[in-house]
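The values are calculated or read from the model by the stated rules, or taken from the named source; none is laboratory data. Note that the coordinates shown come from a computational prediction; the quantities given were computed from them, not determined experimentally. Cβ placement follows ideal geometry from the backbone for every residue including glycine, while neighbour counts extend to all protein chains displayed. Areas reflect the complete protein model, heavy atoms only, side chains present, ligands, DNA and RNA absent. Shrake-Rupley method; radii C 1.70, N 1.55, O 1.52, S 1.80 Å.
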Amino acid sequence: MANKNQGSDRSSHALRSADFYRLLLLYLLSACLFGCARKRDPQTAYDHAWGTYQHGELVQADKESESGYNDFRALGPDWAWKFTILRGRALYERGRYEEVLRLLSSQGASPPTGELAIRKQWLEGFSYTSLHRFLEADARYAEAERLCEARQYPAACADVQSARGKLEISRGRYAQAQVFFEGVLAFARSAGDRLWEADALLDLSWAANEQTHYDEALDWADTVRRISLERNVPDLTQAALGNMGWAYYKLGDFEKAEEMFLEAEKQARKLGHTADEVKWLTNAGYIYMDVGKAQAAERSFYDSLSLARKINNQEDVINSLIALAFVSEQTEKLDDAKRYADEALKMAQEDQNKRDITYPRLVLGKIAAREHDAATAEAAFHDVENSPDAPVFLKWEAEHSLARLYEDEKHADTAAREYRTALNTFETARAELQHENSRLPFLTNARRIYDDYIQLLVRQGKTDEALQVAEYSRARTLNEGLGLLKKTTSFRPDPLHAPQIARRIGGTVLFYWLGEKQSYLWAITAERTKLFTLPASAEIEARVQRYRKTLTGPIDPLAKADDDGITLYKMLIAPTKTLLAKNAKVFIIPDGWLNTLNFETLLVPEPKLHYWIEDATVADASSLRVLAASRGAKKRGEKLLLIGDAVTANTDYPELRKAADEMESIGKHFPAVQQKVFARDQATAAAYLESKPAQYSYIHFVAHGTASRLSPLDSAIVLSRASAQDDSFKLYARDIIQHPLRADLVTISTCYGAGARAYSGEGLVGLSWAFIRAGAHHVIGALWEVSDASTPQLMETMYGSMRKGEDPEVALRAAKLSLLHSGSAFRKPFYWAPFQLYAGS
């Protein structure tokens, strides 16, 4: 969804001198004096008010500053202005900009000293900037810069440069703003002031977000967050969280973004920072809108508009109006959408902010398209697409809208060309991302474009081309990391020879695409590719979620003849039945929620109800490209790296009762000289990382595991501490990918080894993904919590089959069937189905 960027524009008010800790001490020591003594000296009163302000207690700081002014203004204009400016800062932080201007103008004569005069001009300029009265802001900053020519007040003058940067951002001149902020950062670092440095970094993260440099914005804002937590400055913390939330949101990581926006909004409200509260409310609403919660989005946008009008913040009023215009158009309240967009456009034109103009223009184009006014819609979309001021995500949204417009107007070839243009724009933006963490979720931003383009190609009968486009979106980060796909700045799908891939791997490939309106299945055999139409993603995903819940519970789906298990088989597998021989080898390339489903558990209704594992040997793969690069049959080495039976690190990870038995059982299948075993206190993360894991053909972990939804690369295998003082007892996915592998099989005999987060296009990301990314040829990981009782038996059978020459997927299936046919409690899928085999390169 295209939307208005909402970085924090909090003013720089970190303490600018080495006296910060002295003032904090005075703040704490003077608390009693402030409350108990009748007579106060002005410095003590000012220091206390400043400390209150520094801690984000703005209402109290306002009161103390006003009291100080009343008590000490008779001592001279310096004290009167010091308390007035401090009160003005507290009012500004609360979004009460006009009150600030009235307060400053009420003093009559200007401050008598240079620094106070600079601070007055600076604060007036800030307030005029927030009210979008840019000419008046310019005049105040120019006067402050004239006063700075004496070079006597470097800290105050650096603040003026910071304020200049904020003015440039308000005008949409983001690169110029960054230059100002970089200058302030250099000054803060030369002064050795960490809080001032954090303020400058926060401004830089804001400028980076506005320029769509989300990697950079995230790094800077996270540094601010850490400094603010170290120094206990909640104001900086909430602003950093909000800026990080925006970066995560634009990277496509909605879960992290929502968590950060809600926490930032909560803290801003508690601190009385209305202006920031408005921003985080608006941003949270965009997430609700993107995940289909239109009513929640509307409530959030209405609240933000009400608060923005209350504090008369022009920029936030425009942002809230734009947000309401987007959600109203999406929910087909076209009259409301037009009214909001027109008002926002008028205000943006008055401000001469060219970037702000592009957002309502896009909404008005969407409204015209809905009303079948093709000429007006086309002109609006081209305006946004060609505007040098529009952010890149707005450009690809305009191009996507153009493609849909042409499709509605029955110009299929023109629509297809415009879809490719939109995907080109998107791929250019993706190529600029540097971090793996950023690239993983980013494809979410283009999911709707890919979906609409694939639907168009299928309707045109271009099913092979549609498969080619769908494949291009799959496992991008994984394939790039493995060197199977070059990073590119354009949308350029490779030619596919899908039947040739199926022939090489000796199996049938079932490739799924879950679409918003229609889903698809391509069945690929050695002879041909055939397309099948499936229901919309929502219907499939609802059944998958219910069936997963059944599989992990006490009920046996087979005994119950579970309707979801049967229906999912009929939807996902039955159409391909004539293409699959008995005991066929099948490679599943899933999509969306299908990544969390073990297809072996689907219920085949006839001739007698049974699990699909009885009919096929099944493995998962991330993409056709990965399968094409997979190794053919070859003689395997015998070197085994076996790690587990760790010493418990804490009560969250109790020792596994049968870990030693499982390790002994596995070890007996390998010659002693070919084994390297790390058990008990030797089973550490460092032991794995330092063992040169690339030399082993088999790697097996018997341990607890953690799966992080919010940060999948923080998923970890829980091992022993390296020493009593060492707190690192986890082998993280992010470390695993840094150590190349050539293992034929990595087995993670642990809970949730497969991961808990599926990214659009990338699939399930977690420990299994990390080992494949490192180069493993096969990985076995668990989709849910595994049983300590049944797992040793399953692994014993599996390794026994492999030592007889069976491939990993065949051996794992044989082990599962042995439990299924055991007649014991282990026949239930809960015990054998969590383990999934993933094919690597």
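Brief remarks follow.
- Tally of residues being crowded, with 20+ Cβ neighbours inside 10 Å and part of a helix (DSSP H, G or I) across region 48-87: 23
- With respect to the conditions (1) in contact with a Leu (Cβ under 9 Å, 6 or more places away or on another chain); (2) open to solvent by 10 Å² or more (accessible area, probe 1.4 Å); (3) closer than 30 Å to Lys346 by Cα; (4) touching a residue at least 24 places away in the same chain (Cβ under 8 Å), Gly172 lacks only one, and its number is (1).
- Among (1) charged (D, E, K, R); (2) farther than 29 Å from Ile501 by Cβ; (3) in contact with a strand residue (DSSP E or B) (Cβ under 8 Å, 6 or more places away or on another chain); (4) open to solvent by 20 Å² or more (accessible area, probe 1.4 Å) - the single one Lys549 does not satisfy: (3)
- Checking each residue in region 707-752 for being within 29 Å of Glu258 (Cβ to Cβ) and either touching a Cys at 6+ places or on another chain (Cβ under 8 Å) or in a loop (DSSP other than H, G, I, E, B) (or both) picks out Ala707, Ser708, Arg709, Leu710, Ser711, Ser715, Ile737, Thr750, Cys751, Tyr752.
- Contact map, region 405-422: first residue in contact (Cβ under 8 Å) with a residue 60 or more places away in the chain, second residue surrounded by 15 or more Cβ atoms within 10 Å (Cβ to Cβ), Cβ cut-off under 8 Å, separation 6 or more or different chains; pairs are Arg420/Tyr453; Arg420/Phe491.
- Positions within region 411-455 being at pLDDT below 95 and either among the small types (Gly, Ala, Ser) or outside any helix (DSSP H, G or I) (or both), in sequence order: Ala429, Ala431, Glu432, Leu433, Gln434, His435, Ser438, Ala446
- Scanning region 420-466 for residues that are open to solvent by less than 30 Å² (accessible area, probe 1.4 Å), within 20 Å of Gln211 (Cβ to Cβ) and of a type in the set (Gly, Ala, Ser) yields Ala429, Ser438, Ala446.
- Index of the failed condition, Ala538 passing every other in (1) among the small types (Gly, Ala, Ser); (2) open to solvent by less than 50 Å² (accessible area, probe 1.4 Å); (3) free of Cβ contacts under 8 Å to residues at least 40 places away in the same chain; (4) within 24 Å of Ile454 (Cα to Cα): (2)
- Within region 711-732, considering residues that are of a type in the set (A, V, I, L, M) and open to solvent by 50 Å² or more (accessible area, probe 1.4 Å), the one nearest to Gly644 (Cα to Cα): Ala722
- Those residues of region 467-484 which are in contact (Cβ under 8 Å) with a residue 12 or more places away in the chain, in a loop (DSSP other than H, G, I, E, B) and open to solvent by 30 Å² or more (accessible area, probe 1.4 Å), in sequence order: Leu482, Leu484
- Selection from region 552-568 of residues that are open to solvent by 50 Å² or more (accessible area, probe 1.4 Å) and among the charged types (D, E, K, R): Lys560, Asp563
- Residues of region 118-142 satisfying the condition of being more than 22 Å from Ile311 (Cβ to Cβ) and surrounded by fewer than 19 Cβ atoms within 10 Å (Cβ to Cβ): Asp138, Ala139, Ala142
- Scanning region 324-348 for residues that are in a helix (DSSP H, G or I) and polar (S, T, N, Q) yields Ser328, Gln330.
- Failed item in (1) touching a residue at least 60 places away in the same chain (Cβ under 8 Å); (2) crowded, with 23+ Cβ neighbours inside 10 Å; (3) more than 27 Å from Leu484 (Cβ to Cβ), with Met798 passing the rest: (1)
- Taken together, the residues in region 576-591 that are among the acidic types (Asp, Glu) and surrounded by fewer than 23 Cβ atoms within 10 Å (Cβ to Cβ) amount to 0.
- Residue match in region 288-310 (condition: touching a Lys or Arg at 6+ places or on another chain (Cβ under 9 Å), in contact (Cβ under 8 Å) with a residue 60 or more places away in the chain, assigned to a helix (DSSP H, G or I) and open to solvent by less than 40 Å² (accessible area, probe 1.4 Å)): no
- Checking each residue in region 290-314 for being of a type in the set (S, T, N, Q) and at positive phi picks out only Asn312.
- Residue within region 793-805 that is farther than 13 Å from Ile748 by Cα, basic (Lys, Arg) and touching a helix residue (DSSP H, G or I) at 6+ places or on another chain (Cβ under 8 Å) present: no
- Pairs meeting the criteria (first residue in region 326-354 and among the aromatic types (Phe, Trp, Tyr), second residue outside any helix (DSSP H, G or I) and surrounded by fewer than 19 Cβ atoms within 10 Å (Cβ to Cβ), beta carbons under 9 Å, at least 6 apart or on different chains) are Phe326/Met1.
- Residue check for Gly165: farther than 20 Å from Leu103 by Cβ, assigned to a helix (DSSP H, G or I) and open to solvent by less than 10 Å² (accessible area, probe 1.4 Å): yes
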